[in-house]
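One structure below.
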Amino acid sequence: MRVTFPHMGNLWLGLKTALRELGHEVIVPPKPSKRTLTLGSQYSPEFACLPLKINLGCFLEAIEKGADTIIMAGGVGPCRFGYYGAVQKRILEDLGYNVDFLIFDPPQGRWKEFINDLKRVGNGKPVYKIFSALLFGIKKLEVMDELEKLGHKIKAREINKGDTMHILEKTLHRLDDASSYKEIKKTKKEAIEELLSVPRKNIDPIRVAVTGEIFVVLEPFVNMEVENELGKMDVEVERTLYITDWVKEHLVPSLRGIRKHKLLEEMAKPYLSHFVGGDGQLSVASAVIYARKGFQGMVHLMPFTCMPEIIAQSILPRVSKDLSFPVLTLVFDEHTGKAGVLTRLEAFVDLLRRKREVVKV
Amino acid sequence: MKGYIGVDVGSVTTKVVVIDEEGNPLGKPVYIRTQGQPIRAIQQGIAMVKEDLPRNIEIRGAGTTGSARYLAGVMIGADVIRNEITAHAVAALRFNPDVNTIIEIGGQDSKIIILRNGLVVDFAMNTVCAAGTGSFLDRQAERLGIPIEEFGALALKAKTPVRIAGRCTVFAESDMIHKQQMGFSVEDIVAGLCEALVRNYLSNVAKGKKILPPIVFQGGVAANIGIKYAFQRALGCEVLVPPYHHVMGAIGAGLLAMEEMRDGKRSRFRGFEVAEMNFETSSFECKGCSNRCEIVEIKSNGRILARWGDRCGKWEVVER
């Protein structure tokens, strides 16, 4: 069984680690690129959103490299993502590929299949082994998330633009190679030291929250490097969702997760009082939270035709007006014109700077 | 005599202007078609603007804006490279410090900029289906055989404007053809088109933003009097078109350059010789890592002036 899965930011690091621990041969698809996008959108229904197209492109590239089994998340609820696994399976079948699909939906009555799929991933290993493999993978992701958070602070201040990114990229590969908790810890420590030694300017940067639909937020190729571009403009970014939040929420429900969710619901409530699928509620709640935290603005990212985020987008102007908190929504699809994104980001940052200057005076 | 040069390179048109220290154009502003060849257009624009300038002009700063601002910036040696939203706002404020709303419609982009007390507080640019207004008008004028300059005035002669589907230009065009075949007059169709474009702008670009007067209308399309009147009807108040409405982006870039050079720095401007220099661009895919960035490089006489497009900075060269 040569397993593969779609890309979503650094997700590959955790999944690869866990699956390798369980004794699978793992084929990580090449990072999403122009080619992934071309392949993916060529065989996808046009009005599907970008995640489907990129995922499909990833699968096609992984199959080229010999993958025969695909792991894909499912879901229920208003977001279409839930049935993408099934659609992708049909598309690949129609293209004549013979691959197995393991789609992890919330079981909802089809326990037998669910357990069967889980057993296949477990590769005959006992349950505790499966868990320890997963936890080991999650640990790496957690470390990477932490380093990225620190990285965002450094990026806004670094003198030689790109220093932080180099360190993070290098660390990512070192974490991939790490085979024990001890090694992970060591890598983390060294990375923090390196990050802290990056030459920095002594400035008080503009702070911007980045939120929106999880796939577009987490996958830099898809969002045209929004976070890096903001960093280049000396803006400190705080992402509102990280991969470990998502993994934990979906795999290991915890008290902290539930509490966090309650808080989000509460914050969004005056504007959006119920779940609309995907991350729509989170986007609205984030505006409230980050306005209160004293951030200067928020960038809201969404794939074209994304229903939950369209709802959020139509509500955000009100939140923005009430709290005097500028929000910029950027919509992504398979076009690759980065100039438009940069123009909007730059103008937005100009706006925030001028606004802050005036407030200071 | 001191001057500041501003270059605005858009997808459809290229604008070059030299302003004095009051922000007023010296000589005649240049407004030409980019025709998909920004390098040629920039050089041509620079050569043309020079013709009309006083002999003793000394360029103290240079700024670029528009979608090809980085390319233009490297070519001319700009002191400041800024986005077109900021440039348009700066220019509008210079001519009307009280402005509260800027409507800007160019060849490919339309934008709305909301200002309060001389400060940009909100803006929006067309996203999916409000693009290409200027280009669309061009094409329709050509299809109907009417010079673009007369297109707007024709709309004013209409008795009963026809309703045209304005949601998207593909539908708008087939709807126009349909109305033509039904026998409506050209005037009524053109007037209907103006109203449809305004309706589309207000619902897709301005989308719920509070449009308060004074309203300034700039960009190439502001020359179209039919659209101006359609805006006034839809908004119920006066819409001002500034005298240099078509080159406001370039004026803004010049003003930003002036601001940048206030403390007496030396300008990086390469001079009007830029018009005769030899520029070439090429691109390649970097295979250094899995990002596979597309690197663009611009050379002059075999010397690399700049490269961009890489995530990591490996190829970055900026020659001043």
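What net charge is computed for the residues neighbouring residue B:85, neighbours being all others with C-beta under 11 Å from the C-beta of residue B:85, Lys and Arg scored +1, Asp and Glu -1?
Neighbour charge sum, excluding residue B:85 itself: -3.
Rg to Rh for the stretch A:88-218: what is it, with Cα atoms only and Rh by Kirkwood?
My calculation puts Rg/Rh at 1.11.
Under 1.5 on a/c is rounded, so check that first for the stretch A:145-258, then, if it is not, pick prolate when a/b is larger than b/c and oblate when it is not; a ≥ b ≥ c are the square roots of the alpha carbon gyration tensor eigenvalues. Let's see the in-between values first.
Working: a/c = 1.86, a/b = 1.16, b/c = 1.60.
Note, shape of the stretch A:145-258 comes out oblate.
What's the local net charge at residue B:65, with K and R +1, D and E -1, over the other residues with C-beta under 15 Å away? Provide the component values of the computation, followed by the final result.
Numbers: positive: A:344, B:15, B:69, B:82, B:94, B:111; negative: A:346, A:350, B:8, B:79, B:84, B:104, B:109, B:259, B:260.
Cβ neighbours under 15 Å give a net charge of -3.
Spin-label point model (7 Å from Cα, Cβ direction): what's the residue A:339 to residue A:149 distance in nm?
Placing both labels 7 Å along Cα→Cβ, they lie 3.9 nm apart.
Pick from B:190, B:120, B:296: which residue has the top mean-square fluctuation in a GNM of chain B where Cα pairs under 10 Å get a spring?
Greatest mean-square fluctuation among the candidates belongs to B:296.
Over the protein assembly as shown, what is the percentage of antiparallel beta bridges among all DSSP beta bridges, to the nearest 5?
Given both bridge residues lie in the protein assembly as shown, the antiparallel proportion sits at roughly 45 percent.
Between rounded, prolate and oblate, where does chain B land on the alpha carbon gyration tensor, with a ≥ b ≥ c its root eigenvalues, rounded for a/c under 1.5, else prolate if a/b exceeds b/c?
Note, shape of chain B comes out prolate.
Would you mind getting the accessible area per residue of the stretch A:124-171, heavy atoms of the protein chains only, 1.4 Å probe, in Å²? Write down the numbers at each step before the final one.
Values: 2150 Å² over 48 residues.
Ligands and nucleic acids excluded, the result is 45 Å² per residue.
Translational D (Stokes-Einstein, µm²/s) of the stretch A:17-71 at 4 °C and 1.567 mPa s when Rh comes from the Kirkwood sum over C-alpha pairs?
110 µm²/s
How big is the dipole moment of the stretch B:58-165 about its Cα centre under a simple scheme where the beta carbon of each Lys and Arg is +1, that of each Asp and Glu is -1, and everything else is neutral? Debye, nearest 20, please.
300 debye
From the phi of every residue in the stretch B:178-194, what ³J(HN,Hα) in whole Hz does the Karplus formula 6.51 cos²θ - 1.76 cosθ + 1.60 yield, where θ is phi - 60° and glycine or proline is x?
For the stretch B:178-194, the Karplus curve yields 4, 5, 4, 5, 6, x, 5, 6, 4, 4, 5, 5, 4, 4, x, 5, 4 Hz.
Please report, as a whole percent, how much of the solvent-accessible surface of the protein assembly as shown comes from carbon and sulfur atoms (probe radius 1.4 Å).
Here it works out to 53 percent.
When DSSP assigns beta bridges and you keep just the ones with both residues in chain B, what percent turn out antiparallel, to the nearest 5?
Values: 35 of 50 bridges.
Roughly 70 percent of the DSSP beta bridges within chain B come out antiparallel.
Taking only C-alpha pairs under 8 Å that are 6+ residues apart, what is the relative contact order of the stretch B:208-320 in percent?
Relative contact order comes out at 15 percent.
Calculate, in nm to one decimal, what residue B:178 and residue B:314 gain on full extension: separation in residues at 0.36 nm each, minus their alpha carbon distance.
43.4 nm
What is the percent of Cα-Cα separations in chain A that go past 39 Å?
Looking at chain A, the distances longer than 39 Å represent 14 percent of pairs.
Given the Cα-Cα distance of residue A:202 and residue A:169 and 0.36 nm per residue of separation, how much length would full extension add, in nm?
Contour length minus the Cα-Cα distance gives 9.4 nm.
Among B:227, A:39, B:47, pick out the residue whose Cα is farthest towards the positive end of the charge dipole of the protein assembly as shown, where Lys and Arg carry +1 and Asp and Glu carry -1 on C-beta, about the Cα centre.
Checked the options; the winner is A:39.
Using only the Cα atoms of the stretch A:150-202, what do you get for the radius of gyration and for Dmax, in Å?
11.7, 38
Provide the percentage of antiparallel DSSP beta bridges, counting only those with both residues in chain A; round to the nearest 5.
Of those bridges, close to 5 percent are antiparallel.
On average, how much accessible surface per residue is there in the stretch B:1-73, in Å², for a 1.4 Å probe, leaving out ligands, DNA and RNA?
Solvent-accessible surface per residue comes out at 42 Å².
Nearest 100 Å² is fine: what is the total accessible surface buried where chains B and A meet, probe 1.4 Å?
Using a 1.4 Å probe on protein heavy atoms, the buried area is about 2200 Å².
If I fit a long axis through the Cα atoms of helix B:38-51 and take the longest principal axis of the Cα atoms of chain B, what angle between them do I get, 0 to 90°, rounded to 10?
It is inclined by approximately 90 degrees.
All other residues with a Cβ under 12 Å from the Cβ of residue B:9 taken together, and with Lys, Arg as +1 and Asp, Glu as -1, what is their net charge?
Charge balance in the 12 Å sphere: +2.
Using protein chains only and a probe of 1.4 angstrom, how many square angstrom of residue B:125 are accessible, to the nearest 10?
Taking all protein chains as shown, residue B:125 has close to 10 Å².
Solvent-accessible area per residue for the stretch B:157-296 at a 1.4 Å probe radius, Å²?
Per residue, the stretch B:157-296 has 50 Å² of solvent-accessible surface.
Would you mind estimating how fast the stretch B:218-320 diffuses translationally, via Stokes-Einstein at 20 °C and 1.002 mPa s with the Kirkwood radius over Cα pairs, in µm²/s?
In µm²/s, the coefficient rounds to 118.
Label-point separation (nm) for residue A:95 and residue B:58, each offset 7 Å from Cα along Cα-to-Cβ?
6.4 nm
Roughly how big is chain B's charge dipole about its Cα centre, with Cβ charges of +1 (Lys, Arg) and -1 (Asp, Glu), in debye to the nearest 20?
I would put it at about 500 debye.
Measuring from centroid to centroid over Cα atoms, what is the spacing of the stretch A:202-251 and the stretch B:14-84 in Å?
Between the Cα centres of the stretch A:202-251 and the stretch B:14-84 lies a distance of 36 Å.
Over chain A, what is the relative contact order in percent, taking alpha-carbon pairs closer than 8 angstrom and at least six residues apart? Write out the running numbers ahead of the final one.
On the way: 548 pairs, mean separation 59.1, N = 361.
Worked out over chain A, it gives 16 percent.
In square nanometres, what is the average projected area of the Cα convex hull of the stretch A:58-117? Spell out each step's value before the answer.
Details: hull surface 17.6 nm².
It is 4.4 nm².
Going by the alpha-carbon gyration tensor, a ≥ b ≥ c the square roots of its eigenvalues, is the stretch B:262-320 rounded (a/c under 1.5) or, if a/c is not under 1.5, prolate (a/b greater than b/c) versus oblate?
oblate
Using a Förster distance of 45 Å, how high is the FRET efficiency between residue B:167 and residue A:186, based on the Cβ-Cβ distance and rounded to 0.05?
It comes to 0.15.
For the protein assembly as shown, how big is Rg over Rh, using alpha carbon atoms and the Kirkwood form of Rh?
0.99
Suppose a student asked you for the relative contact order of the stretch B:111-193, using Cα pairs under 8 Å spaced at least 6 residues apart; what percent would you report?
26 percent
The values are calculated or read from the model by the stated rules, or taken from the named source; none is laboratory data. Since we're looking at a predicted model, the values are computed, not measured. Ideal geometry is used to build each Cβ from the backbone, glycine not excepted, and the neighbour counts take in all protein chains shown. The protein model used for the area step is the full one, side chains on, heavy atoms only, and it has no ligands, DNA or RNA in it. Shrake-Rupley method; radii C 1.70, N 1.55, O 1.52, S 1.80 Å.
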